[in-house]
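Notes for the one structure printed next.
Only the coordinates and a few stated rules stand behind these numbers; no lab work does. What you are looking at is a predicted structure, and each value in this text was computed from that prediction instead of being measured. A quick note on method: Cβ atoms are made from the backbone with ideal geometry, for glycine too, and the neighbour counts reach across all protein chains shown.
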Amino acid sequence: MATLFLPLLLCAQQSGLGRGAAPKIRTVTAFIRMDRQTYREQVADALKMLKAARAEFVDAGYEVETIRITTQPFPEITRGLSAQQALDFFHEYDRLAQKEGFTPDIGAAMMKDSDDPAQANLLAQIIATTETVNGFILVADDTGIHWKAARAAARVIKYLEDHTARSEGNFRFAAGAFPPAIAPFFPVSHTSGAGHQFAIGMESANIAQMAFASAQGGLAAAGDRLAAALESEAAKVESIAHRIEAHSAWKYEGIDLTPVPLKEISIGAAMESLIGGPIGSPGSLSAALVITSAVRKVRVKQAGYSGLMLPVLEDSVLAQRWEAGTINRDSLMSYSSVCSTGLDAIPLPGDVTEHDLENIIADMASLAVKWHKPLSVRMMPVAGKRAGEMTEFGSPYLVNIRIQKVF
């Protein structure tokens, strides 16, 4: 490993990520098919399972960061209601989520390009006037690119920029292509089935950091080490998930093995250990492929994206490299050809236009259609901020950096 990158590894070790450290459980997510008339009983049933699951994992030595509930696309829930009645319903749901300590996702506002764009406007208002609700818009699938949906998603982003504190509402919104049906990570999460299912999301960037700490054997050997380490940890998590399934009668749907980061628990640091230079250097795309391939080899039931995501503002190293210009929109899109990156948690100046946002979303959707793969865009333009100015996010999940130009 190059001397320049030793502090990153030392920081990881000092943060409790030494050899043998178990990954956190980022989320246990329940999937329900919400009935507006009985939703409180459905949520209570889901919470009974989720809280018991959290207790099982804690007893086994894991930290569980969140419990979550995902529904079918929300227009199916609010059919027959006026826009104000729908808002009132989700305000009530948000209050329940805050009281009970879970995070909700209400699926997609538009699943087909023929869907009413007014539902996208409604989603923007729902997110802007709640504290916890997540949602998305589907912009590409087997039918091709959803051009109207891409335009609607750009409108949502600008609305949330202007109507949420520090423009943080966009952290709970994304444009998604080919979204997995059962994804425990948000905001691109929904169910099309009958519900009564659950999935696990692991925060395992520390496993990648440990696997890549040694450059011995090159990229292929590093990938094998990561696959073996992830499988060892995932098998333990899955055994607990099967016990939860047996005790609760909720169907276990798998683990999303994406090595998601959280600030110093950095997938960026892991990749830099692997290539011996900053992300953006030669070998970065190969590192993305190595990680994605390793994840896919793990022999447990997998759910969601289970690949590589690079959420810039959630990862201290990625944030630094974005600020320095080492990685940018084009490099992340190129990595998306071999992983599930898309453009995730990207800070933008507040003067970015709706037209530019639409084109960025369309570029992601085009790549997804070309390779028939799940990708997403979660962009975070900050109202009143220009290139060169610092973000001032208050979320504990986000890193504050200087905003760079869009182009």
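Beyond a 28 Å Cα-Cα separation, which of these cross-linked pairs lie in this structure: 48/263; 236/370; 24/48; 112/158; 158/373?
Violating the 28 Å Cα-Cα cut-off are 48/263; 236/370.
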Next item on the list: Just report the Cα centroid separation between the stretch 102-130 and the stretch 184-252, whole Å.
Entry: 29 Å
Next item on the list: Per residue of the stretch 238-244, in order, report the coupling 6.51 cos²θ - 1.76 cosθ + 1.60 (Karplus, θ = phi - 60°) as ³J(HN,Hα) in whole Hz, putting x for Gly and Pro.
Entry: 5, 4, 5, 4, 5, 5, 4
Next item on the list: Work from the charge dipole of the chain (Cβ charges, +1 for Lys and Arg, -1 for Asp and Glu, about the Cα centre) and give the residue of 359, 191, 146 farthest towards its positive end.
Entry: 191
Next item on the list: Taking 7 Å along the Cα-to-C-beta vector as the label spot, tell me the residue 235-residue 163 distance in nanometres, rounded to one decimal.
Entry: 5.1 nm
Item checked: Rounded if a/c under 1.5, otherwise prolate or oblate - the chain, Cα gyration tensor axes -> oblate
Margin query: Could you identify which residue out of 247, 91, 146 has the top mean-square fluctuation in a GNM of the chain using Cα springs shorter than 10 Å?
Written below: 247
Item checked: Note, ³J(HN,Hα) from phi for the stretch 30-41, Karplus 6.51, -1.76, 1.60, rounded to Hz, x at Gly and Pro -> 9, 10, 10, 9, 6, 10, 4, 6, 10, 5, 5, 5
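Suppose every Lys and Arg Cβ carries +1 and every Asp and Glu Cβ carries -1, with no other charges. What dipole size does the chain come out with about its Cα centre, to the nearest 20 debye?
So the magnitude is around 480 debye.
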Note to self: For a protection proxy built on the mean count of beta-carbon atoms within 10 angstrom, sort 297-307, 49-59 highest first, please.
What the structure shows: 297-307, 49-59
Check: Taking the chain as a Gaussian network, Cα atoms linked when under 10 Å apart, which of 282, 179, 117 shows the biggest mean-square fluctuation?
Finding: 282
Notebook entry, point to check: Which residues does a label at residue 395 reach in the stretch 196-210, if reach means a backbone N under 15 Å from a point 7 Å past the Cα toward the Cβ?
Noted result: none
Next item on the list: Please give, to one decimal in nm, the separation of the simple spin-label points placed at residue 85 and residue 356, each 7 Å out from Cα toward the Cβ.
Entry: 4.2 nm
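Among the chymotrypsin sites (Phe, Trp or Tyr not before Pro) in the stretch 195-283, which ones are in a DSSP loop with at most 15 other Cβ atoms within 10 Å of the Cβ? Mind listing them?
Answer in residue order: no site qualifies.
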Check: If amide H atoms are built 1.01 Å from N in the plane of the peptide, which residues on other chains or at least 5 residues away come under 5 Å of the amide H of residue 63?
Finding: 25
Margin query: Going by amide H atoms built from the backbone, whose H comes under 5 Å of the H on residue 380, apart from near neighbours?
Written below: 346, 348
Check: Hey, rough spin-label estimate for residue 299 and residue 40, points 7 angstrom out along Cα→Cβ, what's it come to in nanometres?
Finding: 4.9 nm
Checklist line | the chain, helix-only ellipticity at 222 nm - DSSP H runs n ≥ 4, -39,500 (n - 2.57), divided by all residues, nearest 500 | finding: -13500 deg cm²/dmol
Notebook entry, point to check: Given the convex hull over the Cα atoms of the stretch 208-291, what projected area results after averaging over all orientations, in nm²?
Noted result: 6.2 nm²
Next item on the list: Name the residues whose placed amide hydrogens come within less than 5 Å of the amide hydrogen of residue 256, ignoring near sequence neighbours (fewer than 5 apart) on the same chain.
Entry: 200, 201, 202, 303
Next item on the list: Rounded, prolate or oblate: pick one for the stretch 99-193, where a ≥ b ≥ c are the square roots of the eigenvalues of its C-alpha gyration tensor, a/c under 1.5 means rounded, and failing that, prolate if a/b is larger than b/c, else oblate.
Entry: oblate
Next item on the list: Can you spot the aspartates and glutamates whose alpha carbon is less than 18 Å from residue 99's alpha carbon? Ignore those fewer than 8 places along the same chain.
Entry: 41, 45, 65, 88, 131
Notebook entry, point to check: Taking K and R as +1 and D and E as -1, what net charge do the other residues with C-beta under 15 Å from the C-beta of residue 279 add up to?
Noted result: -4
Check: Expressed in nm to one decimal, what extension gain is obtained for the pair residue 402 and residue 219 from 0.36 nm per residue of sequence separation less their Cα-Cα distance?
Finding: 62.6 nm
Check: Can you work out ³J(HN,Hα) from phi for every residue in the stretch 325-330, in order, using Karplus 6.51 cos²θ - 1.76 cosθ + 1.60 and θ = phi - 60°, giving whole Hz and x for Gly and Pro?
Finding: x, 5, 10, 8, 4, 5
Check: Hey, if you put +1 on the Cβ of every Lys and Arg and -1 on every Asp and Glu Cβ in the chain, which of 82, 114, 212 ends up farthest toward the positive end of that dipole?
Finding: 212
